[in-house]
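Below is one structure, written out as structure tokens; the observations come after it.
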Amino acid sequence: MKFNDIPYSRPDVDAMISRISQYAEDFANAESAQQQLEIFKAVEKEKSVFGTARGVVNIRNSVNMHDEFYAAEQAFFDSCGPKAMQCFSKFSKAMLNSRFIDELTAELGTNYFNGLKVQQKTFSPEIMDLMAEENTLTGQYQSLTAGAQIEFDGKILNLSQLSPYTQVPDRATRKAATEALGKFFDDHREEFDTIYDKLVKNRHQQALKLGFDNFAQVMYLKKNRPYTMEDVAAFRKQVLEIMVPKNVEYKKQQAEAIGVGDDFKFYDDGFDFPDGNPMPKYPLDELVKRAQQMYAELSPETKEMFDLMVENELFDLDAKAGKRPGGYCATISEYGYPFIFANSNGTAGDIDTLTHEAGHALASYYGSRNIEYPSLRHASAEGAETHSIGMEFLTSPWHHLFFEEDTAKYQESHTKKASYFIPYGVIVDYFQELVYTNPDWTPDERNAAWLELEHTFRPYLDFGDLPAFSRGAGWQKQLHIYTIPFYYIEYSLAHILALQIYAMFLEDPKATWEKYMKFLKVGGKMNIIDTIRHAEMLSPFEDGCVKATCEPIYKVVDSLNK
């Protein structure tokens, strides 16, 4: 069934809650572990049906945030989500109190039950109103960014459509486009500041009501992370010592190559080559056809997955008015469908996004068909991002299908961008840690903290007098900071793991694909540290991991550069 033909009707949440309450009672009275597992499967089905409805609404609302029907349905799910979470939490409590917990753990795994324990500690009926308000505020941010109408080049552009102008050879155009982007955030400064101020205070109140000192503590627990803030600080130190100096070296080379010398500015950052950045050589429809060829040749698993997606039109890739910025892959559970959402704009980022989200799609496709329980199908955030970023590099033998004679340029640029991204991901995560441990900061204090982190981890950037960016408000274009708090260090950790995969792939493609699939097939049955061990890889938290990972990659980049 094609995505547009999937029927939608608003679920009866009260009836669902009533059924799950009965399931919890039946579960407590069950006479065997097998009976309890059958009840658990019924609850999993309820979650799947509810999640499918919510997912379809989110996709259709993302594609056109001006559609009044799906905007209203999105608001419905935003408001009822905490109530649904409460009923599922009650069932989780019944599972933790099971007389047969040893048998259930043997079937579902310790990672699953650790997650249930976390749910009990990070949810309370007392925070339901705050959670509903939080959903409303994140929706306001998304509506504000999706509604951007920026006059540039004689056109009215949204944020995604403006982005290509920041990568063109003409420096004046790059500067003007970056100024236009910053001006949008300056023009809406009060709105962006107010929304985030309310979000920080809301989330801090959630933390206090749950018995924590701050929201950072809540999120580390809620994400069931098998590592601590101290572990992340040690990883940051490796990045600062190993990657930042190399990135400074590469940026000096870039500045010389594009002819700006010591006058390298922020608006030069995205322009890599004097004769222009590598761009896909074909229109979007043709790129999808070529991606289908690529995935048919890569593996049987990717062929099946991508053919299904093409046949059922499980993509919305082009940038257009009223569309939410960004990209993601969603799972439509009841149909076993992955869905890729993007904002293609004719840049190399279109291929980055397509291959990245296809990594998520493969994990979704595999899990839907091979892992019985939906709750065990989804990897930790770090694992999921390793699936996706790893896929960006595993497709390297086919990059010529998109870039033709510019393939080497793309591969050099793409690999360097991974090196540039890791410190940026560290900044986004560290910034949030600082914000939520200082919830009374003013907007100016937050901006000052962001600028200090930029100077530390990306010292080659000069913001000059650019609107928004020069005052430290560049973070406001990063939607994760508003909508998915503390989902960002995962990208940096996953980039290190993906670069390990790439280094192995260059030596032995077949063995590396098998290792990648071994990692992917774990799904949510293990935490990230155990998954790394299972796949016989280095943990980013091991002393020396960043150096051991980056040294062979930098050799590849240097050879491409020559």
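Of the residues making up segment 223-247, those that are within 30 Å of Arg174 (Cα to Cα) and open to solvent by less than 40 Å² (accessible area, probe 1.4 Å) are Val239, Met243, Val244, Lys246, Asn247. Of all residues in segment 408-435, those that are in contact (Cβ under 8 Å) with a residue 24 or more places away in the chain have Cβ atoms under 9 Å from Cβ atoms of residues that are in a helix (DSSP H, G or I) and of a type in the set (Lys, Arg), 6 or more apart or on another chain, in Ser419/Lys246; Tyr420/Lys251; Pro423/Arg236; Val426/Arg236; Asp429/Arg236; Tyr430/Arg236; Phe431/Arg446; Val435/Arg446.
Would it be correct to say that Ala342 is small (Gly, Ala, Ser), buried (at least 18 other Cβ atoms within 10 Å of the Cβ) and part of a helix (DSSP H, G or I)? Here the answer is no, as Ala342 does not meet what is asked.
Taken over segment 10-57, the criterion of being hydroxyl-bearing (Ser, Thr, Tyr) and closer than 16 Å to Ala84 by Cβ is satisfied by Ser18, Ser21, Tyr23, Ser48, Thr52.
With the structure loaded, tell me whether Gly55 is on the phi < 0 side of the Ramachandran plot, in contact with a strand residue (DSSP E or B) (Cβ under 8 Å, 6 or more places away or on another chain) and of a type outside the set (Ser, Thr, Tyr) or whether it fails that test. Criteria met by Gly55.
Residue-wise test of (1) open to solvent by less than 40 Å² (accessible area, probe 1.4 Å); (2) touching a strand residue (DSSP E or B) at 6+ places or on another chain (Cβ under 7 Å); (3) not in a loop (DSSP other than H, G, I, E, B).
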residue: Lys121; (1), (2), (3): no, no, yes
residue: Glu126; (1), (2), (3): no, no, yes
residue: Met131; (1), (2), (3): yes, no, yes
residue: Thr136; (1), (2), (3): no, no, yes
residue: Gly139; (1), (2), (3): yes, no, yes
residue: Ser143; (1), (2), (3): no, no, yes
residue: Ala148; (1), (2), (3): yes, no, no
residue: Glu151; (1), (2), (3): no, no, yes
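Going by the structure shown, is Asn438 closer than 30 Å to Leu208 by Cα and surrounded by fewer than 18 Cβ atoms within 10 Å (Cβ to Cβ)? Here the answer is yes, as Asn438 does meet what is asked.
No other residue among Phe463, Phe505, Phe457 is over 22 Å from Val557 (Cα atoms) and aromatic (Phe, Trp, Tyr) apart from Phe463.
In segment 441-457, how many are touching a Gly at 6+ places or on another chain (Cβ under 7 Å), under 23 Å from Arg174 (Cβ atoms) and either open to solvent by 30 Å² or more (accessible area, probe 1.4 Å) or free of Cβ contacts under 8 Å to residues at least 12 places away in the same chain (or both)? Residues in segment 441-457 being touching a Gly at 6+ places or on another chain (Cβ under 7 Å), under 23 Å from Arg174 (Cβ atoms) and either open to solvent by 30 Å² or more (accessible area, probe 1.4 Å) or free of Cβ contacts under 8 Å to residues at least 12 places away in the same chain (or both): 1 in total. A residue that is farther than 27 Å from Phe273 by Cα and within 19 Å of the chain's Cα centre (by Cα) can be found somewhere in segment 467-478.
Exactly one residue out of Tyr460, Tyr516 is hydroxyl-bearing (Ser, Thr, Tyr) and crowded, with 22+ Cβ neighbours inside 10 Å: that is Tyr516.
Within segment 392-430, the set of residues being open to solvent by less than 10 Å² (accessible area, probe 1.4 Å), over 30 Å from Arg236 (Cβ atoms) and either touching a Leu at 6+ places or on another chain (Cβ under 9 Å) or not in a helix (DSSP H, G or I) (or both) comprises His399, Phe402. Within segment 205-224, can you find the residues that are within 23 Å of the chain's Cα centre (by Cα) and in contact (Cβ under 8 Å) with a residue 12 or more places away in the chain? If the condition is that a residue be within 23 Å of the chain's Cα centre (by Cα) and in contact (Cβ under 8 Å) with a residue 12 or more places away in the chain, then Phe215, Ala216, Val218, Met219, Tyr220, Leu221, Lys222, Lys223, Asn224 are the ones that fit. For segment 438-455, the criterion of being modelled with pLDDT of 95 or more and within 20 Å of the chain's Cα centre (by Cα) is met by no residue. Determine if segment 182-204 includes at least one residue that is part of a loop (DSSP other than H, G, I, E, B), among the polar types (S, T, N, Q) and open to solvent by less than 40 Å² (accessible area, probe 1.4 Å). Checked segment 182-204: no residue is part of a loop (DSSP other than H, G, I, E, B), among the polar types (S, T, N, Q) and open to solvent by less than 40 Å² (accessible area, probe 1.4 Å). Contact map, segment 334-347: first residue closer than 21 Å to Asn158 by Cβ, second residue among the aromatic types (Phe, Trp, Tyr), Cβ cut-off under 6 Å, separation 6 or more or different chains; pairs are Ile340/Phe315; Phe341/Tyr328. Scanning segment 294-323 for residues that are open to solvent by 30 Å² or more (accessible area, probe 1.4 Å), assigned to a loop (DSSP other than H, G, I, E, B) and touching a Phe, Trp or Tyr at 6+ places or on another chain (Cβ under 8 Å) turns up just one, Glu313.
Suppose the filter is out of contact with any Phe, Trp or Tyr (no Cβ under 8 Å at 6 or more places or on another chain), at positive phi and open to solvent by less than 30 Å² (accessible area, probe 1.4 Å); does Gly211 pass it? No, not satisfied. Listed by position, the helices (runs of 4 or more DSSP H) inside segment 458-562 whose residues that are touching a residue at least 12 places away in the same chain (Cβ under 8 Å), farther than 17 Å from Met243 by Cα and β-branched (Val, Ile, Thr) number at least 2 are 479-483, 528-534. Selection within segment 345-376: residues that are in a loop (DSSP other than H, G, I, E, B) and of a type in the set (Gly, Ala, Ser). The member of this set that is nearest to Asp272 (Cα to Cα) is Ala348. Residue count for segment 263-275, restricted to those that are modelled with pLDDT under 95 and exposed (fewer than 14 other Cβ atoms within 10 Å of the Cβ): 2.
Within the option set Thr173, Thr136, Thr178, being within 29 Å of Ser470 (Cβ to Cβ), of a type in the set (S, T, N, Q) and touching a residue at least 24 places away in the same chain (Cβ under 8 Å) holds for one residue only, Thr178.
If the condition is being in a loop (DSSP other than H, G, I, E, B) and open to solvent by 40 Å² or more (accessible area, probe 1.4 Å), then segment 276-293 contributes Met279, Lys281, Tyr282, Pro283. Being more than 23 Å from Thr302 (Cα to Cα), modelled with pLDDT of 95 or more, surrounded by 18 or more Cβ atoms within 10 Å (Cβ to Cβ) and in contact with a Phe, Trp or Tyr (Cβ under 8 Å, 6 or more places away or on another chain) is true of Tyr482.
The values are calculated or read from the model by the stated rules, or taken from the named source; none is laboratory data. Keep in mind it's a predicted model, so treat the numbers as computed, not measured. Ideal geometry is used to build each Cβ from the backbone, glycine not excepted, and the neighbour counts take in all protein chains shown. Surface areas here come from the heavy atoms of the whole protein model, side chains and all, with no ligands, DNA or RNA. Shrake-Rupley method; radii C 1.70, N 1.55, O 1.52, S 1.80 Å.
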